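Below is one structure, written out as structure tokens; comments come after it.
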Amino acid sequence: MPKTANSQFSEEREQIIMDFLHKQGKIRIGDVTDMLGISPSTARIQLQKMHDKGMLQRTHGGAILTGNTPSQKERHDFEHILNKDKKLQIARAAAQTIRSGDYIALGCGTTTFLLSTLLHEKNGITVVTDSIPIATELMHDENITLYVCGGWVMERNGACRGITAENFFKDLKVDKSYCGADSVNIEVGTSSVDFDPRTEIAVCRAGKECYILADSSKFSIRPFIDKVLRMNEINYIISDDSLPQNDIDALGNAGVEVIIGSDPI
């Protein structure tokens, strides 16, 4: 089973909190306790330490992003993606599973965005996505046929949402779907910080094969209320080389094949 959040180092807690903040713009003490499995007093101390480092701004009952935090546009740049080295390991491993002529769906998120930057050497692939940043990355590549769903665009991550986006992917079937996750739990499956993950679910289910791209920190986060996929709906999970062996074994026992990325030799 995944390690508990109480076994995490402070740096891991910081990474999880900042990832949540970059997605939601604010965080409450209750969010911290739920994600990390720590007491409210420990959560307050953690946020105060991060405030003192200039990572966030403490508020009554939680924290918000500081004014010095990179803008949303900048966060899609390589220099501002949290846990970028691990996510690049995952993106490289995912790129190796894509063949010329494949029809693929790419969900929104920083790891899938990194994957999109590695697709320019692929020939004759078709990409469908709900991510405006991914579409911007691929739109001028003559070797890639690109489709983008409609819907309203979320300011914080450039993802298309709503019934138009959901129905676009419900009516679609591609060879492979590649999606991220905010939490991975063997008993629950994948879950999302979004209050309405129906488009995420539709993107994941659009692929004949479903790949979940999740760095090792996502296995330490307690599941969110909004479930996206059950374990039996996932064919592959691609993670980084810090994923503990007990998590790899648990995923295998659940019928999910694990692919571990690594740094280039």
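Taking GluC sites (Glu not before Pro) as exposed when their DSSP state is a loop state and no more than 15 other Cβ atoms lie within 10 Å, the longest site-free interval of the chain runs over 1-120. Here the stretch 125-211 yields Rg over Rh of 0.96, to two decimals, using C-alpha coordinates and the Kirkwood radius. Summing charges over all other residues whose Cβ lies under 11 Å from the Cβ of residue 208, with Lys and Arg as +1 and Asp and Glu as -1, gives 0. For the chain, the longest principal axis of the alpha carbon atoms and the long axis of helix 10-24 meet at an angle near 60°. Heavy-atom accessible area with a 1.4 Å probe sorts 60, 140, 51, 22, largest first, into 60, 140, 51, 22. A simple count of charges around residue 130, restricted to other residues whose Cβ falls under 9 Å of its Cβ and scoring Lys, Arg +1 and Asp, Glu -1, yields 0. Its DSSP H runs of at least 4 residues, each contributing -39,500 (n - 2.57), put the calculated 222 nm mean residue ellipticity of the chain at -9500 deg cm²/dmol, to the nearest 500. Within the accessible area of the chain, the carbon and sulfur atoms contribute 50%, probe 1.4 Å, all protein chains present.
Bridgeable aspartates and glutamates around residue 170 (alpha carbons under 18 Å apart, same-chain partners fewer than 8 residues away excluded): 130, 196, 200, 209, 233. In the context of the full set of protein chains, the chain has a per residue accessible area of 46 Å² (1.4 Å probe).
For q = 0.21, 0.26, 0.27 Å⁻¹, what log10 I(q)/I(0) does the stretch 161-242 give under the Debye formula with an equal point scatterer on each alpha carbon and no solvent? Debye curve over Cα of the stretch 161-242, log10 I(q)/I(0) at q = 0.21, 0.26, 0.27 Å⁻¹: -0.93, -1.29, -1.35. Rolling a 1.4 Å probe over the protein chains gives residue 249 an accessible area of about 80 Å². What's the angle, to the nearest 10 degrees (0 to 90), between helix 84-95's Cα axis and the longest principal axis of the chain? On a 0 to 90 degree scale, this one is about 20. Loop-located chymotrypsin sites (Phe, Trp or Tyr not before Pro) in the stretch 99-179 (DSSP state not H, G, I, E or B) with no more than 12 neighbouring Cβ atoms inside 10 Å do not occur. Charge tally around residue 51: other residues with Cβ under 11 Å, Lys/Arg +1 each, Asp/Glu -1 each, net +3. Taking only the alpha carbons of the chain, we obtain Rg and Dmax values of 17.8, 54 Å in that order.
The values are calculated or read from the model by the stated rules, or taken from the named source; none is laboratory data. None of the values given here were measured: they were computed from a predicted structure. Please note: Cβ atoms are built from the backbone with ideal geometry, for glycine as well, and neighbour counts cover all protein chains shown. Keep in mind that these areas ignore ligands, DNA and RNA; they rest on the heavy atoms of the full protein, side chains included. Shrake-Rupley method; radii C 1.70, N 1.55, O 1.52, S 1.80 Å.
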